[in-house]
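Just below is one structure, and these are the notes that go with it.
The values are calculated or read from the model by the stated rules, or taken from the named source; none is laboratory data. In this text the structure is predicted, and so the values were computed from the model without any measurement. Quick reminder, even Gly has a Cβ in these numbers, built from the backbone with ideal geometry, and neighbours come from all protein chains shown.
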Amino acid sequence: METTSSLFRSVSRRVWSPPQRPFRVCSWNREVKKGITAGTLEELKEKAAQALFITTVLTLVCEEDGTEVDSDEFLITLPDNTIFMALKPGEIWKPHPLLQRGGNKPGHSKPRTGKDIAQVTFDLYRTHPKDVFGSLNVKATFKGLYSVSADFQCLGPKKVLREALKFMSTLLHAAGHLLITSASVIRRIIHGADLLQGQQAQPVEYWE
């Protein structure tokens, strides 16, 4: 009875498992960044710990503003490719040095006195080590209130090869039809020329 119950529980877990979503995690100093996929918060923490080689209990916060992710319900509301920061005990979230208010940008000796209108960030990453080309994430923030993001997924080697083979198959199919049509037209022309030559070779009889 226990075996049947455990089997039913295992099958139910597989059937109702949430879909895998792409995320990115980074270390507290933002020097290491990895791309992973997960369906639940527990799975996300496990894969983040494996990717960043963390053996202790970690806390995940949003890299942008430091909001702690503590439930699956909140994780569902976040978009794909959200960047999380993995914090070990004793580590705290800090804003990015280039995005701190009142900070100086590289190459500028004086602080800015103007007001930000829009900010656009480009992030090139890979979701799988075998990807030929990386994926590009573009995020734009207007006046610090509205943000729009777009993610451009690139094809892996298998998909690139599959699309190339499909294109070659279509091209060869069209070339085959063209050759068959050309051969049929040439055959008709040759047959018509033979008939015309045979008619010209016949003697013409005159009646007196």
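Counting the residues of segment 19-41 that are free of Cβ contacts under 8 Å to residues at least 24 places away in the same chain and surrounded by fewer than 17 Cβ atoms within 10 Å (Cβ to Cβ) gives 6.
Across segment 3-27, the qualifying residues are those that are outside any helix (DSSP H, G or I) and small (Gly, Ala, Ser), and the one among them that is modelled with the highest pLDDT is Ser27. Can you name the residue in segment 65-92 that is part of a loop (DSSP other than H, G, I, E, B) and in contact with a strand residue (DSSP E or B) (Cβ under 7 Å, 6 or more places away or on another chain) and is also farthest from Thr121 (Cα to Cα) among such residues? Once the filter is applied, the top-ranked residue is Val69. If you go through segment 28-64 and keep only what is in a loop (DSSP other than H, G, I, E, B), closer than 17 Å to Asp123 by Cβ and in contact with a strand residue (DSSP E or B) (Cβ under 9 Å, 6 or more places away or on another chain), you end up with Arg30, Val32, Glu63, Glu64.
The conditions of being assigned by TED's automatic domain parsing to the domain that holds Ala150, hydrophobic (A, V, I, L, M, F, W, C) and modelled with pLDDT of 60 or more are met by Phe122.
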